[in-house]
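Engineer: Have a look at this one before I ask anything.
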Amino acid sequence: MTLKSTPLNNAHRALGARMVDFGGWDMPVNYGSQIEEHHAVRTDVGMFDVAHMCVVDIKGSDVRAFLRRLLANNVDKLQVSGKALYSCMLNPEGGAIDDLIVYFINEDWFRLVVNAGTAEKDVAWMNAQNEAWGTKLTITQRRDGADAMALIAVQGPNARAKVWEVIPQARDATAEMKPFNVALVPGTAFGEAMIARTGYTGEDGFEIGVAATQAEALWNALAAAGVKPAGLGARDTLRLEAGMNLYGQDMDESVNPLDAGLAWTIDLVSERDFIGKAALQAKGQNAQFVGLILREKGGVLRAHQKVIAAGGEGEITSGTFSPTMQQAIALARVPTGVQVGDTVHVEIRDKKLAATVVKLPFVRNGKILAA
């Protein structure tokens, strides 16, 4: 099978990146030291190629009404142009087709960013609902073709200053911009730039969307300004420390999102109906999503390891060795009776090793919050 590649593939290879198959995409896992890349984002600034993710523009007079029914979170929270919202898109059984970010540009135009591996499925699902509901919207994926966009995430305490250095036109539009907002900035050296503040690392920063043809020039300009390239390895340890779900690992169509720590993204309060609402109301929450810190030597926490608690068994969904904390940490789905501070045991090969249940996130804005 031929792997798909982003517009930055040549740039990664020129830097000597170690490339891997990531869900059918040829992507950099690191550029030499995953640990150095992780620490650069926590203490200074790093950047990630996220151009495998897919921008989807939905335009038309009924777009808000369409998204009210399509998404589990309530787009009526988006009343000011530029506001963003994190949401799941559910199937009728309440499973997560995908998790995504939706940006409110204007009443006739909302922009979504969806995951790489689910993009084709997502767009097909949206098109099917558009046809079924007769909303006559224009749904355009922006990953292929003449109007393709590419996304670069610049993250870390110095990220915003570095972006303003490379794209000075962005400063006025984004200096006062709060998290979970977006601005469209015309007239930059890289054409119109979409600049969002909705990161995935637990650090501040921007996600920059430009025409795919401009992506390599932007990447090289950021690198020349001292922004360290970072690969999928560091992206995973950073997001795990930040307690953020990874689609396909921490949840998918078979998982009730209420059991994946995503209740805060699901509006069951308003009278608004949405796909999957009735199923979620019927099922309720049957597990909880927590952090674990391994307290005994002798193993590393990994996905699918069994968690043994007083009230039953659970499972690790993501695990790693935290470069920031210097401890083995994990995200886990456990029985509802488990409390923060409890000791549970994780089956690692032939051992049962003690771990402490902690509140997520582990790390945020460079500070360790769970101990």
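The values are calculated or read from the model by the stated rules, or taken from the named source; none is laboratory data. Note that the structure is a prediction, hence the values are computed from the model and not measured. Here the Cβ positions follow ideal geometry from the backbone for every residue, glycine too, while neighbour counts run over all protein chains shown. Heads up: the accessible areas ignore ligands, DNA and RNA and are worked out on the full protein's heavy atoms, side chains in. Shrake-Rupley method; radii C 1.70, N 1.55, O 1.52, S 1.80 Å.
Engineer: Quick check on the stretch 117-129. Is at least one of its residues aliphatic (A, V, I, L, M), under 16 Å from the mean Cα position of the chain (by Cα), in a helix (DSSP H, G or I) and crowded, with 18+ Cβ neighbours inside 10 Å?
Structural biologist: Yes - at least one qualifying residue is present in the stretch 117-129.
Engineer: Need pairs with beta-carbon distance below 7 Å; first residue at negative phi and within the stretch 144-163, second polar (S, T, N, Q) and part of a loop (DSSP other than H, G, I, E, B); sequence gap 6+ or separate chains.
Structural biologist: 150/6; 155/201
Engineer: Same structure again: Of everything in the stretch 82-101 that's farther than 15 Å from residue 118 by Cβ and out of contact with any strand residue (DSSP E or B) (no Cβ under 6 Å at 6 or more places or on another chain), which residue is least open to solvent (accessible area, probe 1.4 Å)?
Structural biologist: Checked the stretch 82-101; the qualifying residue least open to solvent (accessible area, probe 1.4 Å) is 94.
Engineer: Scan the stretch 183-196 for residues that are open to solvent by 20 Å² or more (accessible area, probe 1.4 Å) and in contact (Cβ under 8 Å) with a residue 40 or more places away in the chain and report the count.
Structural biologist: Residues flagged as open to solvent by 20 Å² or more (accessible area, probe 1.4 Å) and in contact (Cβ under 8 Å) with a residue 40 or more places away in the chain within the stretch 183-196 amount to 1.
Engineer: State all residues of the stretch 20-60 that are surrounded by fewer than 24 Cβ atoms within 10 Å (Cβ to Cβ), among the aliphatic types (A, V, I, L, M) and either under 30 Å from residue 327 (Cα atoms) or at pLDDT below 95 (or both); if no residue qualifies, say none.
Structural biologist: Passing the criteria: 20, 29, 35, 40, 50.
Engineer: Another question, if that's okay. Go through (1) touching a Leu at 6+ places or on another chain (Cβ under 9 Å); (2) crowded, with 21+ Cβ neighbours inside 10 Å for residue 105 and report which single condition fails.
Structural biologist: If we test residue 105 against (1) touching a Leu at 6+ places or on another chain (Cβ under 9 Å); (2) crowded, with 21+ Cβ neighbours inside 10 Å, just (2) comes out false.
Engineer: With 348, 329 as the choices, which residue is open to solvent by less than 10 Å² (accessible area, probe 1.4 Å), more than 19 Å from residue 241 (Cα to Cα) and either of a type in the set (D, E, K, R) or in contact (Cβ under 8 Å) with a residue 40 or more places away in the chain (or both)?
Structural biologist: Result of the check over 348, 329: 348.
Engineer: Is it the case that residue 199 is part of a loop (DSSP other than H, G, I, E, B) and either surrounded by 18 or more Cβ atoms within 10 Å (Cβ to Cβ) or on the phi > 0 side of the Ramachandran plot (or both)?
Structural biologist: Spelling it out, residue 199 is indeed part of a loop (DSSP other than H, G, I, E, B) and either surrounded by 18 or more Cβ atoms within 10 Å (Cβ to Cβ) or on the phi > 0 side of the Ramachandran plot (or both).
Engineer: Let me ask something else. State yes or no: is residue 354 under 13 Å from residue 240 (Cα atoms), open to solvent by less than 50 Å² (accessible area, probe 1.4 Å) and not charged (D, E, K, R)?
Structural biologist: no
Engineer: Give me a count of the residues in the stretch 253-282 that are assigned to a loop (DSSP other than H, G, I, E, B) and surrounded by fewer than 15 Cβ atoms within 10 Å (Cβ to Cβ).
Structural biologist: Count: 7.
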